[in-house]
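First comes the structure, then the notes that go with it.
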Amino acid sequence: MSDSREGLLTIDLQAIGENYLDLCDRLASGSRCGAVVKADAYGLGMAQVAPALHRRGCRDFFVATQAEGESLRRALGDAVNIVVLTGVRDGAELECARAGLVPTLFTLQQLRNWVAICAREKLAAPCAVKVDSGMTRLGMTPEEFEQLLADPELLRAANIQLLLSHLACADEPQHPLNEIQLRSFKRAGERLRAQCPEVLLSLANSSGIFLGEEYHFDIARPGSALYGVNPVPGSRNPMRAVVELSLPIVQKRHVSGDQQVGYGATQSIAAGSWLAVARGGYADGILRAQSGRGCGWGGGRRLPMVGRVSMDSTTFDISALSAAERDTLDSIEVLNRELTVDEVAEYAGTIGYEILTSLGNRYFRRYLRS
Ligand SMILES: *Cc1c(COP(=O)(O)O)cnc(C)c1O
């Protein structure tokens with residue numbers, strides 16, 4: 001157990017697999033479920049997470065960068081589709097094509113360039129095209145997409161495998177932009193397919209799956225829900241919790257007079273209180289923004305954080321525990337089934353995604369398999 005001295009991060013691959021199957025079950029017939037494993041599978045370890053998803057039948061993976069795609073290709077071999085969501089680096093087109101990675105191209109110039117390079121090398125490498133349906137981030141503008149549709153030669157030369165777009169407000173089902181993006185994407189898909197019938201369509205992220213079957217198209221691209229983040233904020237989380245993070249207590253102390261705790265002496269604590277100082281601070285992803293608001297979990301209850309979160313340690317008020325509970329407590333959990341990534345995100349004024357991608361690399365990581 002000495003490895004877990006700096007904290008124990010448990011990642012439940014079985015739960016990720018069940019979340020994947022749960023999302024598959026929710027899809028309209030004829031659509032299949034991919035998985036987004038960018039940013040090291042949202043901080044949980046792509047090398048462990050992707051094979052677990054593959055074992056559950058996932059064959060369409062989405063990463064953010066070419067480097068992520070290359071390492072995923074090494075991990076999973078040739079029998080999976082790997083789409084790079086942020087396109088291809090200038091000058092790296094050949095590497096990308098030879099690694100069998102499908103770049104998401106979002107300007108006409110990128111597409112022309114890709115087609116020219118593939119033609120020169122006699123590679124029929126597939127690509128994906130992204131259209132902007134209303135988020136105004138990455139994607140061809142409507143004008144550019146019109147130009148693409150009006151260029152049958154380019155369409156014939158380009159091996160477009162996938163048309164995708166991304167929803168801006170999928171986690172707010174009532175938001176009018178969802179409907180607008182749906183209509184815009186559907187129309188773009190119909191028009192492209194009229195010329196390239198083989199192209200598959202993909203719109204939905206995790207929350208998009210919960211907007212209804214018309215959002216599912218051919219391939220869904222969930223990320224966060226696989227990792228336990230609630231895809232339907234405000235309603236009960238249908239996904240299984242995936243991470244548990246336990247911090248070892250390195251000092252317990254009894255406060256004899258009224259005192260202030262931690263940097264800046266920001267929070268007062270009454271005489272007679274009991275404090276526990278645990279290893280793990282903002283350098284480990286215990287976001288400092290939750291200082292004075294966040295909590296940990298021990299003895300079956302929430303224990304408030306006190307004072308500011310430090311770089312390497314966090315202090316908790318454990319006065320609510322009985323003397324016996326206090327004595328036996330040797331660690332405090334800061335993420336678990338009860339204290340979810342979404343709850344912690346709320347304390348820190350952020351989203352569950354950021355809680356996951358911030359998880360530090362000083363913890364001992366334990367993977368639970370089926
Ligand atoms: C990150 C990302 C996803 C996954 O989104 P979640 O909300 O985590 O399900 C899907 N599509 C694109 C283009 C993304 O960048």
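Key figures
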{"read-out": "Matching residues in the range 171-201 - criterion: being within 14 Å of the ligand (Cβ to nearest atom) and crowded, with 19+ Cβ neighbours inside 10 Å", "value": "171, 178, 181, 185, 201"}
{"read-out": "Scan of the range 272-289 for residues that are open to solvent by 50 Å² or more (accessible area, probe 1.4 Å) and either at pLDDT below 95 or aromatic (Phe, Trp, Tyr) (or both), ordered by number", "value": "274, 282"}
{"read-out": "Per-region count, the range 161-170, residues open to solvent by 10 Å² or more (accessible area, probe 1.4 Å) and within 14 Å of the ligand (Cβ to nearest atom)", "value": "3"}
{"read-out": "Criterion violated by residue 137 - all others in (1) of a type in the set (D, E, K, R); (2) in a loop (DSSP other than H, G, I, E, B); (3) over 31 Å from the mean Cα position of the chain (by Cα) satisfied", "value": "(3)"}
{"read-out": "Segments classed as helices (runs of 4 or more DSSP H), wholly inside the range 260-370, with at least 2 members that are under 25 Å from residue 43 (Cα atoms) and outside the structural domain of residue 247 (by TED's automatic domain parsing)", "value": "341-348, 352-358"}
{"read-out": "Every residue from the range 212-263 that is out of contact with any Leu (no Cβ under 9 Å at 6 or more places or on another chain) and among the hydroxyl-bearing types (Ser, Thr, Tyr)", "value": "235, 256, 263"}
{"read-out": "Tally of residues being assigned to a strand (DSSP E or B), away from the ligand (no atom under 11 Å from the Cβ) and in contact with a helix residue (DSSP H, G or I) (Cβ under 9 Å, 6 or more places away or on another chain) across the range 202-244", "value": "1"}
{"read-out": "Check on residue 124, in a loop (DSSP other than H, G, I, E, B) and aliphatic (A, V, I, L, M)", "value": "yes"}
{"read-out": "Residue within the range 297-306 that is within 16 Å of the ligand (Cβ to nearest atom), closer than 13 Å to residue 334 by Cβ and open to solvent by less than 70 Å² (accessible area, probe 1.4 Å) present", "value": "no"}
{"read-out": "Any chance residue 6 is open to solvent by 20 Å² or more (accessible area, probe 1.4 Å), touching a Phe, Trp or Tyr at 6+ places or on another chain (Cβ under 7 Å) and more than 26 Å from residue 230 (Cβ to Cβ)", "value": "yes"}
{"read-out": "Single match in 310, 256 (criterion: on the phi < 0 side of the Ramachandran plot, more than 16 Å from the ligand (Cβ to nearest atom) and either free of Cβ contacts under 8 Å to residues at least 12 places away in the same chain or open to solvent by less than 70 Å² (accessible area, probe 1.4 Å) (or both))", "value": "310"}
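Residues checked against (1) open to solvent by 40 Å² or more (accessible area, probe 1.4 Å); (2) assigned to a loop (DSSP other than H, G, I, E, B); (3) within 16 Å of the ligand (Cβ to nearest atom):
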{"residue": "24", "(1), (2), (3)": "yes, no, yes"}
{"residue": "40", "(1), (2), (3)": "yes, no, yes"}
{"residue": "51", "(1), (2), (3)": "no, no, no"}
{"residue": "61", "(1), (2), (3)": "no, no, yes"}
{"residue": "73", "(1), (2), (3)": "no, no, no"}
{"residue": "89", "(1), (2), (3)": "yes, yes, no"}
{"residue": "95", "(1), (2), (3)": "yes, no, no"}
{"residue": "103", "(1), (2), (3)": "no, no, yes"}
{"residue": "111", "(1), (2), (3)": "no, no, no"}
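The values are calculated or read from the model by the stated rules, or taken from the named source; none is laboratory data. Values in this document were obtained by computation on a predicted structure and should not be read as measured data. No Cβ is skipped: glycine too gets one built from the backbone with ideal geometry, and neighbour counts run over all protein chains shown. Each accessible area value is taken on the protein alone, full model and side chains, heavy atoms only, with ligands, DNA and RNA left out. Shrake-Rupley method; radii C 1.70, N 1.55, O 1.52, S 1.80 Å.
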